[in-house]
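The structure under discussion appears below in the form of structure tokens.
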Amino acid sequence: MADPISALGVSLNVIQLVTLAAALASKIWKFTDERATLPENLESIKQRLDIMIFTLNDLNTSDYSEDAAHSLEIFLAGIDRKLTKFQQMLDEYLPATGASTIERLKKGFQSLGKDSRVMEFTEQLSKDVDHLTLFIMTQGLKKPTRQPTNHLGGRAIYEVARRGVAKFVGREEHMVVLDAALNSAPRVAVLQGMGGQGKTQIALEYCRRARLAKKYNAILWANASSEQSLRESFESFSDALKLADDSLVDSDSRIRFTKSILTDWPEPWLLILDNFDDPSKVDIREYMPTSEQGCIILTARSGEVRKLGNHIPVTGMTDEEALDLLLTSGKLDKTDEANITEGATIVNRLGNMPLAVDLAGTYLGGRAGLVRVQDFLARYNAQAEVIMQILPGVSDYSIDMRQNGTSIFATWELMVQLLEPHTELGAQKLAFLNVLGFFNSKDISEEIFRIYYMQKKKTEELPKWFHLFIDNREEWSSPAFEDFVAQLGTMSLVEHPSRNDAGHVQFSIHPLISDWLRIRQMRGTSNLGLENYQLSAKMLACYITSKYVEFLLQPGFRMPFREQNSLTSHLLFRESFRDSFQDSFQSRTPIFFGDSEPMHCVELVFIMYLYDVGFSTDSLRIAERLWDSCGISTIQTRRVKRATGAYLWHNRCTIHSHAAAEKRMREVAEFWSQALGPAHSFTLEAEYYVAASLSYLGDMDGAAKLYRGIVSHADSDEWKQSCEQNVWFPRPEWSLVELIYVLGAQRSPNIKAEVPAVIDKVLW
């Protein structure tokens, strides 16, 4: 017998190799079906990868000596290096999913097939498969053919009350890895991931295939959501397992009987413990019989259970799998370009979550002729909760919701209860989680919260949840932030926690969890959603202003490109859902997060930043909204409205809409003229922009007339007084420069006489 540690090392190596080999085979396979003809070398590699997977699984179910295990570990490490190198070769020739056309993919495969390294890899792969087979034979490890048994009369038991989807789509890699995990010590596979990712469906499909292959003499499905449901499942198993003369008088004896039979049964069996989502409710190990012949699949949302066996994380489908599921569920034409293009957008918005994608497809299929594929997202953004509540009755993926009378969003409410929101600490944790719904789902950085706290801790009353991340010196604690993010990760409420290049914690949340967090705060008459929308806006604006640099004549926002992309995504994401809550946000702008300086207006900061990084259309949309909603009752709001008006012009000019810019700035000038007077600096500035637009449009006479009008107010009392109260840029001296340019462009005969007079008037 091998040393247990050595055996575990071999098992882990085998699972890793099976996972990698399956991924490589799948990547090749995805581009063969009706898309590209594989070169002979690549076809040969795919066949050998399949053979290697079967050989590895056969190897891993065997017993071996300690010396053999050590030698095997070294040999497997060499195979791992070769497979990793081939994966790099694939990445070198093939673009990322969705990044290329089919023709480019074909060319990539054809080029790869001609690479001499591929032929060398094919030969090495063949030799490795031969060596593994020889190793099994010489060590006497080949599994003997299982002889027929008379236990229970030789009948097979299939106690699975659940049914799989009508057509199982994708997830072939999970099937291979799951099989490898069940053939590896401790023969327990843990399918772990957030609700809706298809863990149960993967287990059901594995059961279906195992039954057809007659791999197990018994397949038993237990509901592990509670102690009571587990007891009921094990009681029902006893009816199928007992013989005619077995007498079981009560519940406890029936459960003991089931556990005893599974422990001692000499035939292969498979037990599925489904929906083990709250480890605090039950000691699941009491329902995991130990047997050399038994295998166990455990499905769970909590990351705490991964230690119970071979962990298999279950995340979203690949882009191709999700699109296939959407079109299949909706019975949509898979050759229609609009269905493919719009469908890809839909599954991306839904985060490739199988349950949500299936619901979307079912929705479209049930409304064929009423709702077009291209109209679904608008319908979803407006009625997400309604859509996700009305569909469970007809979706294949949602049997749990039909049985429990809940919706997809309700599944996450169950996880929230693990935070114990009825306690003060739990309430703070939930309050922080709620705020996350107003950020883009990807790359939420610790720095957003840290900078806001550091800048506002002495000037504002901060939300109580900040205490989660503050040490006893009232300083920000990155370890405390990391610990709580890790806790949310084990609950499958956040994803991919890590530290970025600057050493700060960052993480993501699933797009649908983000939707759910916002929706749950906007119900009824509660202002919680609005409060968190404004708070998240203040934090983002505070973070942006911390990146503002005054640099000679080119001030702007300076940050690494990746950080800029992430920040821009947060702002654009806010715009994408804002219209869904339009009534709640009307007449609520502007939002301020500091003193009277315009740079402390949230919306204005967003406008300036988006303009600075090249998103003028989005900047203009916010500027128009802010101009329409911002009053002028205080000096602070007047300054904000003045700056907003300037960006109405700058953004339009950037997108080369000079005629629209000229028209809009005339409206702005008229507004300021009526509100503050024709010689007020704000009015003259708007007229300056009108004149500049006329210059762009080639109307030099009109531009010169306006410039002369601006300059004529240079020594008026009204202009001087307004300049003392307000910072105004550009000043009349800039109109002088523009006037000289315009006169020169006109080749005005009066330019020699007019320019000195203008200079004398403005500069005294």
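The values are calculated or read from the model by the stated rules, or taken from the named source; none is laboratory data. Bear in mind the structure is a predicted one, so any value in this text is a computation, not a measurement. When we count neighbours, we look across all protein chains shown, and the Cβ atoms used for this are built from the backbone with ideal geometry, even at glycine. Each accessible area value is taken on the protein alone, full model and side chains, heavy atoms only, with ligands, DNA and RNA left out. Shrake-Rupley method; radii C 1.70, N 1.55, O 1.52, S 1.80 Å.
Any chance you could run the full-extension gain for Lys457 through Leu370? It's 0.36 nm times the residue separation minus the Cα-Cα distance, nm to one decimal.
Additional length available on full extension: 26.0 nm.
Using 0.36 nm per residue, how much length does the chain from Asp501 to Gln674 gain when fully extended, once their Cα-Cα distance is taken away?
57.0 nm
Taking 25 Å as R0, compute the FRET efficiency from the Cβ-Cβ separation of Lys464 and Arg523 and round it to 0.05.
0.70
Just to confirm the filter: which trypsin sites (Lys or Arg not before Pro) across region 452-481 are DSSP coil and have at most 10 other Cβ within 10 angstrom of their Cβ? Working shown, then result.
Values: sites: Lys456, Lys457, Lys458, Lys464, Arg473; in loops: Lys457, Lys458, Arg473.
Passing sites in region 452-481 are Lys458, Arg473.
Compute the accessible area per residue over region 244-347, keeping the other protein chains in place, probe 1.4 Å, unit Å².
Working: 4790 Å² over 104 residues.
Here the per-residue accessible area is 46 Å².
Take the residue pairs Lys458/Lys538; Lys82/Lys214; Lys464/Lys538; Lys429/Lys456 and return only those whose Cα atoms are more than 23 Å apart.
Long pairs (Cα-Cα over 23 Å): Lys82/Lys214.
Hand me the trypsin sites (Lys or Arg not before Pro) from region 165-267 located in a DSSP loop with no more than 14 other Cβ atoms within 10 Å, in residue order please.
Sites meeting the loop and neighbour criteria: Lys167, Lys214.
Quick one: what does P(r) look like for region 231-332 with 10 Å bins over all Cα pairs, in whole %?
Here the calculated profile for region 231-332 is 12, 34, 27, 17, 9, 1.
Cut-off 19 Å, label point 7 angstrom out along Cα-to-Cβ of Glu718: give me the residues of region 677-701 whose amide nitrogen falls inside.
Within reach of a label on Glu718, which here means backbone N under 19 Å from a point 7 Å along Cα→Cβ, region 677-701 contributes 677-691.
Can you compute the FRET efficiency between Met119 and Thr290 using 1/(1 + (r/R0)^6), with r the Cβ-Cβ distance and R0 = 41 Å? Round to the nearest 0.05.
It comes out at approximately 0.30.
Pick out, in residue order, every one of the GluC sites (Glu not before Pro) in region 458-494 that is DSSP loop and has at most 15 other C-beta atoms within 10 Å; say none if there are none.
Answer by residue number: Glu460, Glu461, Glu474, Glu475.
Can you work out ³J(HN,Hα) from phi for every residue in region 626-635, in order, using Karplus 6.51 cos²θ - 1.76 cosθ + 1.60 and θ = phi - 60°, giving whole Hz and x for Gly and Pro?
Coupling constants for region 626-635: 5, 4, 5, 9, 7, x, 9, 6, 10, 4 Hz.
Collect residues whose amide H, placed 1.01 Å from N in the peptide plane, falls under 5 Å from the amide H of Cys295; neighbours closer than 5 in sequence don't count.
Residues meeting the criterion, in which the H sits 1.01 Å from N, are Trp269, Leu270, Leu271.
Heavy-atom accessible area per residue, region 167-222, 1.4 Å probe: how many Å²?
Per residue, region 167-222 has an accessible area of 30 Å².
Shape verdict for region 651-705, please, from the Cα gyration tensor: rounded (a/c under 1.5), prolate (a/b greater than b/c) or oblate.
Because a/c hits 1.5 or more and a/b fails to exceed b/c, region 651-705 counts as oblate.
What FRET efficiency comes out for the pair Ser226/Asp471, r = Cβ-Cβ distance, R0 = 35 Å, nearest 0.05?
With R0 = 35 Å, the Cβ-Cβ based efficiency is 0.35.
Which pairs, out of Lys215/Lys331; Lys199/Lys331; Lys641/Lys663; Lys215/Lys242; Lys199/Lys281, put more than 26 Å between their alpha-carbon atoms? Could the numbers behind the result be given before it?
Working: Lys215/Lys331 33 Å; Lys199/Lys331 24 Å; Lys641/Lys663 18 Å; Lys215/Lys242 21 Å; Lys199/Lys281 20 Å.
Pairs exceeding the cut-off: Lys215/Lys331.
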